[in-house]
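The values are calculated or read from the model by the stated rules, or taken from the named source; none is laboratory data. These figures come from a predicted structure and were not determined experimentally. For neighbour counting, all protein chains shown are included, and Cβ atoms are generated from backbone atoms with ideal geometry for every residue, glycine included.
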């Protein structure tokens, strides 16, 4: 399974407005729409982080690199990427007359955090700090983005470190949240071993004695991953028939 960890940084919309509080800014007040400044990405089986930016490569080359990575991915892991990163990238692709990349699934760790836990903040930096996984790169704030938009080389060095660190945090958070993630693509599709965990891919799945009752009609054979990093729950694809053994051992 080709798993891609991804994070992008974008320039803000620029415009003209009079106030600072509860403003309704019209389209004719936008002087320059926002755009993608850079991206950082890495494959799950590699330590190398790919970084590309409008400063170093130009927008066209950067976006074609990004498109190629997504085109080869089976699953893309990000943080709030379903709402932010992926739609932003799709906008850039259509502006360049690029077709959609090959189909891939998305694992948004932000959704996992928000739906399962009650941290004081769901921001990536806060959650990773609470879990002892590290922090984002500290920087000078909005002026860093201003400097990058003005092609300041020193600011771009900081931005590269900042973007890459976000991608370093994603695999750590992914591993920590493994049993809580609704993984979008079963590892059993790539490894037919009967004990393959659909959530982490390890050969550590064990059948439990107690069946799962997801509804009021059918019962399913229950399984649990015994990997120290996972521990996810799973069930048979087909229901138990007649109270006997499950009709299939394929796991979802």
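Of the residues contained in the range 91-101, none is found to be within 22 Å of residue 171 (Cα to Cα), within 19 Å of the chain's Cα centre (by Cα) and surrounded by fewer than 19 Cβ atoms within 10 Å (Cβ to Cβ).
Yes/no per residue for (1) modelled with pLDDT under 90; (2) on the phi > 0 side of the Ramachandran plot; (3) under 23 Å from the mean Cα position of the chain (by Cα):
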position: 167; (1), (2), (3): no, no, yes
position: 174; (1), (2), (3): no, no, yes
position: 183; (1), (2), (3): no, no, yes
position: 200; (1), (2), (3): no, no, yes
position: 204; (1), (2), (3): no, no, no
position: 213; (1), (2), (3): yes, no, no
position: 221; (1), (2), (3): yes, no, no
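Which ones in the range 177-191 are in contact with a helix residue (DSSP H, G or I) (Cβ under 9 Å, 6 or more places away or on another chain) and either part of a helix (DSSP H, G or I) or free of Cβ contacts under 8 Å to residues at least 24 places away in the same chain (or both)? Residue satisfying the conditions is 180 alone. Looking only at residues that are out of contact with any helix residue (DSSP H, G or I) (no Cβ under 7 Å at 6 or more places or on another chain) and surrounded by fewer than 20 Cβ atoms within 10 Å (Cβ to Cβ) in the range 223-234, which one is farthest from residue 210 (Cα to Cα)? The qualifying residue farthest from residue 210 (Cα to Cα) is 228. One residue stands out among those in the range 139-154 that are outside any helix (DSSP H, G or I) and at pLDDT 95 or above: the one that is surrounded by the fewest Cβ atoms within 10 Å (Cβ to Cβ), which is 150.
Only one entry in 196, 210 is in contact with a helix residue (DSSP H, G or I) (Cβ under 8 Å, 6 or more places away or on another chain) and either surrounded by 14 or more Cβ atoms within 10 Å (Cβ to Cβ) or more than 24 Å from residue 49 (Cβ to Cβ) (or both), namely 196. Of everything in the range 4-34, what is surrounded by 13 or more Cβ atoms within 10 Å (Cβ to Cβ) and more than 23 Å from residue 123 (Cβ to Cβ)? Give them in sequence order. Listed by number, the residues that qualify are 15, 25, 29, 30. One residue is enough: does the range 38-60 have a residue meeting the conditions surrounded by fewer than 19 Cβ atoms within 10 Å (Cβ to Cβ), part of a helix (DSSP H, G or I), at pLDDT 95 or above and not assigned by TED's automatic domain parsing to the domain that holds residue 201? Yes, that holds for at least one residue. Test of understanding: among 80, 116, which residue is surrounded by 14 or more Cβ atoms within 10 Å (Cβ to Cβ) and in contact with a helix residue (DSSP H, G or I) (Cβ under 8 Å, 6 or more places away or on another chain)? Going through 80, 116 in turn, the sole match is 80. Just one of the listed residues (157, 136) is exposed (fewer than 15 other Cβ atoms within 10 Å of the Cβ) and at negative phi, namely 157.
Taking the stated definitions as given, is residue 172 under 29 Å from residue 112 (Cβ atoms) and surrounded by fewer than 17 Cβ atoms within 10 Å (Cβ to Cβ)? So residue 172 fits the description; yes.
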